Amino acid sequence: MFDLGYYKKLGLEEIAAKVTDGERLSIADGEKLFACPDVTAVGSLAHLVRTRRNGDKAYYVVNRHINYSNVCVNGCRFCAFSRKKGDPLSFELSEEQILEKVQANDNGLTEIHVVGGCHPELPFSYFEGLIGRIRELKPDTIIKAFTAVEIAHFAKNEGISVAEVLARLKAAGVRMLPGGGAEVFSERVRELLCPEKLPAAGWLEVMRQAHAMGLKSNATMLYGHIETLRERLEHLVALRELQDETGGFVCFIPLAFQPENTGLGKMQPTTGIDDLKTIAVSRLMLDNIPHIKAYWVMLTVKLAQTALYFGADDFDGTVVEEKIGHMAGAKSQQGMTRSEIEGIIREAGFRPVQRDSLFNAVNGAVVSC
Ligand code: V47
Ligand code: SF4
């Protein structure tokens with residue numbers, strides 16, 4: 001299938017052979033892929049893996065994001081979303097406001113994605129009650145709520161274990177955890193950018209416990225700031241190792257860093273080549289995670305469309321309202337309609353498949369937004 005002579009010229013013949021034989025890649029292999037000057041050569045290998053796993057399908061979800069508050073005790077330097085309590089730009093949505101959003105323009109919503117800052121005062125019972133109320137209103141919609149960082153924060157604030165937080169949220173109606181808050185696992189980077197945040201081992205442990213309880217999750221990596229390529233690869237390998245143990249990750253989401261209004265505001269945004277290579281290398285390294293998301297909010301719709309040829313098989317969703325990327329200067333639109341997403345996927349030559357949060361196909365959808 002490949003012109004092996006060309007891969008030989010690039011010094012990638014062994015990696016190409018491993019990929020075609022389905023063998024696991026090492027960190028050194030990942031470094032070679034990042035160093036390769038021909039992004040299409042790396043992309044073709046990732047496309048082979050993507051096609052082997054998902055054929056010509058490109059998934060999307062009809063979802064809505066809700067950020068309950070931007071008040072956060074952590075103050076990560078890469079974050080433009082969070083504010084300290086009392087800041088004029090801080091917000092806390094009331095339960096009524098959140099429930100209004102849940103019910104507004106339900107165009108066949110199958111997922112509600114609820115995340116926020118680590119609020120110093122809101123009691124855990126508030127979140128339990130909120131999830132219960134959402135479930136009452138939308139019993140058939142999957143509630144994907146609270147990053148591992150928020151889960152650990154609830155446990156610490158309430159003086160209870162992570163296991164208890166997870167069990168009570170599951171009982172209230174949380175069906176899955178989003179993948180945020182992982183950033184990059186490197187201690188060096190975290191010390192410089194987010195020293196107050198749950199450490200890498202804590203993030204992985206929350207996910208381990210969630211998966212053991214039958215809660216699936218996604219995983220992310222925030223790239224394009226001060227991390228090295230090796231640190232990106234170490235992050236991917238840590239996720240791969242946990243996935244070997246639990247099998248609980250459904251989808252991996254590389255998040256392109258948006259620098260505006262952050263403590264790293266002088267940095268340049270990621271380039272298209274870096275975005276495509278990172279998606280392709282992620283697809284190749286994460287041989288045990290079924291799906292890779294091209295998150296159009298951070299990538300732009302045009303690059304997310306292109307990424308479908310570089311290892312990505314998921315386009316995320318309708319989203320409706322997005323704050324974390326847009327407050328940091330993301331240039332994408334706020335939300336997309338189902339027909340816009342389907343058109344973008346079809347034009348790229350793939351078959352759009354509406355999915356739920358767990359990647360089950362949603363059949364007979366009668367909606368049009
Ligand atoms: O946790 C913060 C990151 C995450 C910036 O699981 C930034 O399905 C870019 O996790 N530039 C939130 N990223 C987004 C997220 C997510 C999105 C879509 C789907 C899913 C899923 C998860 O964004 C945060 C943080 O890691 N982030 N600041 C920034 N300036
Ligand atoms: Fe808080 Fe999350 Fe922003 Fe960090 S990235 S400051 S934890 S909201």
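Treating cross-link reach as a plain straight distance, find the lysines whose alpha-carbon is under 24 Å from the alpha-carbon of Lys85, omitting any fewer than eight places away in the same chain.
Leaving aside lysines fewer than 8 places away in the same chain, those within reach of Lys85 are Lys101, Lys156, Lys197, Lys323.
Projected area of the stretch 150-308, taken from the Cα convex hull and averaged over every viewing direction, in nm²?
9.7 nm²
Tell me the relative contact order for the chain as a rounded percent, counting alpha carbon contacts under 8 Å between residues six or more apart.
With pairs under 8 Å counted, the relative contact order is 23 percent.
Could you compute the FRET efficiency for Lys85 and Glu321, with r as their C-beta to C-beta distance and R0 at 22 Å, rounded to 0.05?
0.45
Out of Asp87, Asp314, Asp356, any idea which swings most in a Gaussian network model of the chain, alpha carbons joined below 10 Å?
Asp87
If you average 1/r over all unlike Cα pairs in the stretch 301-369 and invert the result, what Kirkwood radius do you get in angstrom?
13.2 Å
When ranked by the protection proxy of mean other Cβ atoms within 10 Å per residue, highest first, what sequence do the peptides 134-147, 17-30 form? Walk me through the numbers on the way to the answer.
Values: 134-147: 19.1, 17-30: 15.4.
Result, highest mean Cβ count within 10 Å first: 134-147, 17-30.
In a Gaussian network model over the chain where Cα atoms closer than 10 Å are linked, find which of Ala80, Ala148, Ala104 has the largest mean-square fluctuation.
Comparing Ala80, Ala148, Ala104 in the GNM, the peak value goes to Ala104.
Using 7 Å Cα-to-Cβ label points, what is the Ala361/Ser339 separation (nm, one decimal)?
Distance between the two pseudo-spin positions: 2.3 nm.
Taking all protein chains as present, what is the carbon and sulfur share of the accessible area of the stretch 291-357, in % to the nearest whole number, probe 1.4 Å?
Ligands and nucleic acids excluded, carbon and sulfur reach 57 percent.
Under a no-solvent Debye model with one identical scatterer per Cα of the chain, what's log10 I(q)/I(0) at q = 0.14 Å⁻¹?
The computed values of log10 I(q)/I(0) come out as -1.22.
Packing-wise, with mean Cβ within 10 Å as the measure, how do 205-211, 266-272 rank, highest first?
205-211, 266-272
So if I average 1/r over every pair of distinct C-alpha atoms in the stretch 1-129 and take the inverse, what Kirkwood radius in Å does that give?
19.3 Å
Running a GNM on the chain with Cα contacts under 10 Å, which residue among Ser332, Ser217, Ser161 ends up with the highest mean-square fluctuation?
Largest GNM mean-square fluctuation: Ser161.
With a Förster radius of 22 Å, plug the Cβ-Cβ distance of Ser26 and Leu192 into 1/(1 + (r/R0)^6) and report the FRET value to the nearest 0.05.
0.25
Nearest-5 percent of antiparallel DSSP beta bridges in the stretch 24-364?
Numbers: 2 of 31 bridges.
Within the stretch 24-364, antiparallel bridges account for around 5 percent of the total.
The values are calculated or read from the model by the stated rules, or taken from the named source; none is laboratory data. Values in this document were obtained by computation on a predicted structure and should not be read as measured data. Here Cβ is always computed from backbone atoms with ideal geometry, including for glycine, and neighbour counts include all displayed protein chains. Just so you know, the surface numbers come from the protein's heavy atoms only, side chains and all, with ligands and any DNA or RNA stripped out. Shrake-Rupley method; radii C 1.70, N 1.55, O 1.52, S 1.80 Å.
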